[in-house]
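Each remark here refers to the structure printed beneath this line.
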Amino acid sequence: MRFAIEGQIDNVGAADIFLFLSQTQRTSVVSFERADQETRVFFQEGLPVWCVSTKVQLQIEARLAGAGAIKLRDIETALANQKAGSNRIPQALIAEQLASEASIERDLKSLSLDALRDVATWTAGSFTVYDGVTPPPWAFTIAADFPALLVEALRGQCVKESLQREFVSRKCILRTRSASRSSSHLNDAERVILALVNGERTVEELVKRSGLDELQALGAMHVLCALHLTDLLPPQRAAKPPERPAPPPPPPMPPPKDPATIERGGATSKYVTVPPDVKNGPGPAEAAQRIPEALNRSGESTAKLSVPRDAPQRMLRITGDDKTEDIVLTAATFAVGRHPRNDLVLKDPRISSFHCRVEIEGDKCVILDLKSRNGTLLNSARIDRSELKHNDRIQLGSTKITYLES
């Protein structure tokens, strides 16, 4: 006897060991051990020929006594008469004529088959493979169709708890390992799953597409993976979309051309207004129309109307950095904010992109806050919508504006 391989069943699995010994046609003994049980399986040229276990239910005396064929007292008497140990029970029973060779062979083969099925379902413990071990003289092939037995044992492992651990992430992907492997011992559910595997579908997708019960589908995947017909791959990370280049900065806005405005202090670098007479550029009314509709709180928007010629002159006086600038309201709607699409563009970082809007409604002028982040203050009070009066003080962030009528 010589040492060959050892390891943990948690990492390899009993089915993998059986497949290895079968494919290499080894003559070996495999010792499976865990705290409560030890089972030994003898292989001859890749086929299991004998199996013994310390599990009480898998002992020959327990099997014979449980079936009612022989009493335990008779077995002990036969061993004493033959001066044989417990490992010679079959010979002692035949010598004492308590059993025939045919009945003993039938019972031993059935018992070995049960022991093999039992150990094939182990998911924990250790194993050691020893080469060059000669099987007992009474050994015989436990199962002529070993692959079918192996698949049957794998199906016995399919309990809900173990399947939930194995397929803890339903985003894992199943990939076919080898199309040339025999699948003659698979059942209908396993064939359905195998036919759906394309290397891209996740466990979740396979369950849905198969039309099978989730436990049945996961069990089929477990068998396919244990037989190395498929591989279970970790979830694939979605590729990051390519970063789009930053848009070019907007072109600088031209300064106001209104002579009256220049005489009253001129434009400051802090504010930029878009006069209506800039060539190829939108006027204040057109710019106001391009503000998102969701920001319009007024039920009677006058965005498409112009100010009547006989209407009083209205203006916004902006004060800051020791300079003053007057903006005449020549359109019925006048938008204020940091975004260049506003009629009055302010560079104050505390001002929202579309902060507020001033609207002329008949003989009234109102101001509406456009759900700005820091709010719109009118005479030191925060407002949503309010009518403007001469000399009203408006504050947007740190920018101060005075409403004037004449």
In order over region 23-29: 3J(HN,Hα) from phi, Karplus 6.51/-1.76/1.60, θ = phi - 60°, whole Hz, x for each Gly or Pro, gives 6, 8, 6, 7, 9, 8, 10
I need the phi-derived Karplus couplings for region 93-106: 6.51 cos²θ - 1.76 cosθ + 1.60, θ = phi - 60°, integer Hz, Gly and Pro marked x.
5, 5, 5, 7, 6, 8, 7, 9, 4, 5, 5, 5, 4, 5
Once you have the Cα-Cα distance between residue 323 and residue 71, take 0.36 nm times their residue separation minus that, and quote the gain in nm to one decimal.
79.3 nm
Rounded to whole angstrom, the alpha-carbon centroid of region 54-132 lies from that of region 355-406 at a distance of 98
Need one value: the accessible area of residue 339 in square angstrom, 1.4 angstrom probe, rounded to the nearest 10.
60
Beyond 22 Å, the calculated P(r) of region 1-145 holds a percent of Cα-Cα pairs equal to 41
Set the Förster distance to 51 Å, then compute FRET efficiency between residue 208 and residue 385 from the Cβ-Cβ distance, nearest 0.05.
0.50
Taking a crude spin-label model, label points 7 Å out from Cα along the C-beta direction, the residue 374 to residue 200 distance in nm is 5.1
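The values are calculated or read from the model by the stated rules, or taken from the named source; none is laboratory data. This one's a predicted model, so the numbers in the text were calculated from it and none came from an experiment. As a convention, Cβ positions derive from the backbone with ideal geometry for all residues, glycine included, and neighbour counts pool all protein chains shown. The area values use the complete protein model at the heavy-atom level, side chains included, leaving out ligands, DNA and RNA. Shrake-Rupley method; radii C 1.70, N 1.55, O 1.52, S 1.80 Å.
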